[in-house]
1. Search the stretch B:21-44 for residues being surrounded by fewer than 21 Cβ atoms within 10 Å (Cβ to Cβ) and touching a Leu at 6+ places or on another chain (Cβ under 8 Å), and hand back the single one that is farthest from A:Pro144 (Cα to Cα).
2. What number of residues within the stretch A:157-184 satisfy the criterion of being in contact (Cβ under 8 Å) with a residue 12 or more places away in the chain and part of a helix (DSSP H, G or I)?
3. In the stretch B:1-50, which helices (runs of 4 or more DSSP H) lie fully inside it and hold 1 or more residues that are within 7 Å of chain A (Cβ to nearest Cβ) and more than 16 Å from A:Ala138 (Cα to Cα)?
4. Can you pull out every residue in the stretch A:123-138 that is touching a residue at least 12 places away in the same chain (Cβ under 8 Å) and in a helix (DSSP H, G or I)?
5. Here is a list of conditions, (1) more than 7 Å from chain B (Cβ to nearest Cβ); (2) over 21 Å from A:His29 (Cα atoms), and A:Arg170 meets all of them except one; can you say which number that is?
6. Taking A:Ala176 as meeting all but one of (1) farther than 24 Å from B:Gly34 by Cβ; (2) within 12 Å of chain B (Cβ to nearest Cβ), write down the number of the exception.
7. Could you look through the stretch A:12-51, keep only residues that are modelled with pLDDT under 85 and assigned to a helix (DSSP H, G or I), and pick out the one that is nearest to B:Thr6 (Cα to Cα)?
8. What are the residues in the stretch B:53-67 that are within 7 Å of chain A (Cβ to nearest Cβ) and surrounded by fewer than 24 Cβ atoms within 10 Å (Cβ to Cβ), if any?
Amino acid sequence: MTSGSDLAAKLNAVLNKHAARLRVLVAQHCSANQGLDPDDIEQEVRIRLWKVVEREKNDALPASYVQRVVVTTVIDALRRGKPEQTVALPESGQEAGIEALLDPIGPVRSASDGQRMDMVRAAIAELPSRRQQPVRLALQGFTPEEIGDLLDMTATMAKNLMYRGLYELRDRLKAAGLEDIDDD
Amino acid sequence: MTDKLTHLYQAACHEDARLLEGVDADRLIDLAEGRLAGPERERLVEAIAASPALAAAYRVARASGDWSRGVAAELAGERVDNIRTLTPRTATAAPRRQRWALAAAVSAMAIGAVFVSQQMRAPAVDTGDDVIFAAIIEKAAGDGIMVTSFDAGRAAGDDDRIFTTRAPGESDAIFDQSFGNGS
């Protein structure tokens with residue numbers, strides 16, 4: 001029978017070999033916009049898997065379980081990275097802008113940012129319903145192929161709806177006075 | 001257009017934290033692995049479209065499938081040599097090859113099943129025919145059809161009873177003339 005230390009050593013050896021790929025994976029999909037540290041994620045995954053192996057005294061972890069550990073680790077890290085939604089009350093004698101208190105994003109954003117975001121939300125809501133989801137997903141960074149998978153349609157159809165929607169969105173925003181949305 | 005608009009839209013996703021808080025990792029994996037359908041799938045896709053953090057988590061769920069399978073297989077001591085030599089390109093090609101192999105195996109099984117069923121059916125038909133033919137022959141033998149001879153019942157040297165109802169040289173009883181005994 002394999003001892004606990006043998007299992008831990010075996011897990012360490014396997015993870016050492018696959019750790020770099022996990023870090024790349026996290027860096028590709030999370031670090032740019034979400035600010036996650038791939039090294040932290042890899043360490044956390046390693047610790048969680050090690051705890052399971054120690055507890056179960058079994059090195060036959062199902063792939064679905066390993067995947068679940070990775071995804072929950074990333075979700076937990078993303079949750080920790082989200083800013084607090086509470087807004088500190090102003091101290092006595094200090095005035096807080098009404099926009100800062102009403103803006104659900106937080107007081108750090110200016111009123112003009114809030115207005116621009118409202119305009120984007122409103123313009124997307126005015127798009128034909130079939131184009132709204134492809135546009136939202138495209139603005140989350142998904143490719144037409146990925147959008148097609150998510151919306152259960154062909155990549156060609158997703159691409160068509162996405163581009164038509166994006167052009168219409170740009171026209172609506174420009175018509176509403178948001179001129180500087182084109183990339184330099 | 002897209003970069004600025006992307007940042008603006010993602011900043012406008014004011015329900016990001018709430019949607020991330022409510023997500024179930026298992027459902028996200030199910031969606032990434034193509035196992036989620038119906039209203040639950042629609043709700044989750046809607047949430048992903050409205051939450052940059054959830055979109056990132058979904059991407060990780062989608063991309064971590066191969067990685068997890070590799071780690072699990074190696075921990076279990078399976079395909080160690082193959083995994084060691086996996087490069088990113090072969091790692092992405094491997095599931096495709098597995099799908100082709102699975103399709104080929106299923107096709108072979110289907111063809112084999114048809115072949116075997118035909119083989120099993122053919123002897124049964126032959127046997128049945130044999131039995132039928134044997135029964136006919138046996139019945140015929142029993143009924144005496146095949147064994148009854150025109151010579152049966154008359155002594156050796158007697159004339160055929162059919163043609164011996166009249167004496168040689170007599171005229172036919174019906175036509176009253178001689179047919180020359182059929183000669």
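The values are calculated or read from the model by the stated rules, or taken from the named source; none is laboratory data. Remember, it's a predicted structure, so these values are computed and weren't measured experimentally. Cβ: placed from backbone, ideal geometry, glycine included. Neighbour counts: every protein chain shown.
1. Just the residues of the stretch B:21-44 that are surrounded by fewer than 21 Cβ atoms within 10 Å (Cβ to Cβ), to begin with: B:21-22, B:24-27, B:30, B:33-43.
When the remaining residues are screened for being touching a Leu at 6+ places or on another chain (Cβ under 8 Å), the result is B:27, B:30, B:36, B:41.
Values: B:Arg27: 22, B:Asp30: 21, B:Leu36: 20, B:Arg41: 18 Å.
The residue in question is B:Arg27.
2. 12
3. Values: elements: B:2-12, B:16-21, B:25-32, B:38-49.
In the stretch B:1-50, the matching helices (runs of 4 or more DSSP H) lie at B:16-21, B:25-32.
4. A:Ala123, A:Ile124, A:Arg130, A:Arg131, A:Gln132, A:Gln133, A:Pro134, A:Val135, A:Arg136, A:Leu137, A:Ala138
5. Among (1) more than 7 Å from chain B (Cβ to nearest Cβ); (2) over 21 Å from A:His29 (Cα atoms), A:Arg170 violates only (1).
6. Unmet condition: (2).
7. Residues of the stretch A:12-51 that are modelled with pLDDT under 85, as a first pass: A:30-35.
So of that shortlist, the ones also assigned to a helix (DSSP H, G or I) come out as A:30-34.
Values: A:Cys30: 15, A:Ser31: 16, A:Ala32: 13, A:Asn33: 11, A:Gln34: 14 Å.
By that ranking, first place goes to A:Asn33.
8. Pass one, the stretch B:53-67, residues within 7 Å of chain A (Cβ to nearest Cβ): B:53, B:55-57, B:59-61, B:63-65, B:67.
Answer for the stretch B:53-67, where residues must be within 7 Å of chain A (Cβ to nearest Cβ) and surrounded by fewer than 24 Cβ atoms within 10 Å (Cβ to Cβ): B:Arg59, B:Ala63, B:Gly65, B:Trp67.
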